[in-house]
Amino acid sequence: MTWLPVSAADGAAERQAVLGLVPDVHERLEEALAAAWAIADRDLLELCRRRIAQTFGARGADEAPVEARDARERAALEFTDQFVIDGAGVTQEQVDALQEHLDTAALIHFVHALHMVEAELRVLAVLELPA
């Protein structure tokens with residue numbers, strides 16, 4: 001349960017109640033997130049979202065470790081781990097490993113989408129809302 005003084009029956013309603021306290025910001029956040037999910041590989045982004053939620057200790061995050069099933073997912077998770085902890089510390093090797101599986105446009109879209117997902121999860125973690 002969030003520390004903000006809102007009343008909601010479940011996690012989705014709680015999120016709406018809290019973020020609805022600032023409707024303009026909430027609307028822009030939802031638009032940005034919709035755009036992020038539209039431009040990136042949804043399965044890859046969801047995998048990385050789950051990893052970020054675990055990293056932040058987000059409420060409702062999967063407890064089972066998020067693991068890669070192939071080289072593409074492994075490259076994405078390694079990139080994501082570094083990106084979330086210290087974005088300036090992402091190495092050329094991490095970019096190159098990801099670019100083996102994504103063309104330049106897809107890589108750019110993935111990074112922009114990852115940034116939005118990370119921002120969303122940071123907000124949810126601070127407000128103690130479910131991921």
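Quick check on the stretch 28-43. Is at least one of its residues closer than 24 Å to Arg15 by Cα, among the charged types (D, E, K, R), in a loop (DSSP other than H, G, I, E, B) and at pLDDT below 95? No: the stretch 28-43 contains no residue that is closer than 24 Å to Arg15 by Cα, among the charged types (D, E, K, R), in a loop (DSSP other than H, G, I, E, B) and at pLDDT below 95. Taking the criterion of being at negative phi, in a helix (DSSP H, G or I) and basic (Lys, Arg), would at least one residue in the stretch 61-70 satisfy it? No, there is no match, as no residue in the stretch 61-70 is at negative phi, in a helix (DSSP H, G or I) and basic (Lys, Arg). Residues in the stretch 111-131 that are small (Gly, Ala, Ser) and part of a helix (DSSP H, G or I) were compared, and the one that is surrounded by the most Cβ atoms within 10 Å (Cβ to Cβ) is Ala113.
If you filter the stretch 20-66 down to residues that are in contact (Cβ under 8 Å) with a residue 24 or more places away in the chain and in contact with a His (Cβ under 7 Å, 6 or more places away or on another chain), you find that the one that is surrounded by the most Cβ atoms within 10 Å (Cβ to Cβ) is Ala40. For the stretch 59-95, the set of residues classified as hydroxyl-bearing (Ser, Thr, Tyr) and more than 16 Å from the chain's Cα centre (by Cα) consists of Thr91 only.
The rows are residues; the columns are (1) among the acidic types (Asp, Glu); (2) under 30 Å from Arg15 (Cβ atoms).
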| site | (1), (2) |
| --- | --- |
| Gly87 | no, yes |
| His101 | no, no |
| His109 | no, yes |
| Val117 | no, yes |
| Glu120 | yes, yes |
| Leu124 | no, yes |
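If the condition is being crowded, with 18+ Cβ neighbours inside 10 Å and polar (S, T, N, Q), then the stretch 67-84 contributes only Thr80. Scanning the stretch 85-110 for residues that are among the aliphatic types (A, V, I, L, M), part of a helix (DSSP H, G or I) and surrounded by fewer than 19 Cβ atoms within 10 Å (Cβ to Cβ) yields Ile85, Ala88, Val95, Ala97, Ala105, Ala106, Leu107, Ile108.
The values are calculated or read from the model by the stated rules, or taken from the named source; none is laboratory data. On a predicted model such as this, the values are computed, not experimentally measured, just so you know. When we count neighbours, we look across all protein chains shown, and the Cβ atoms used for this are built from the backbone with ideal geometry, even at glycine.
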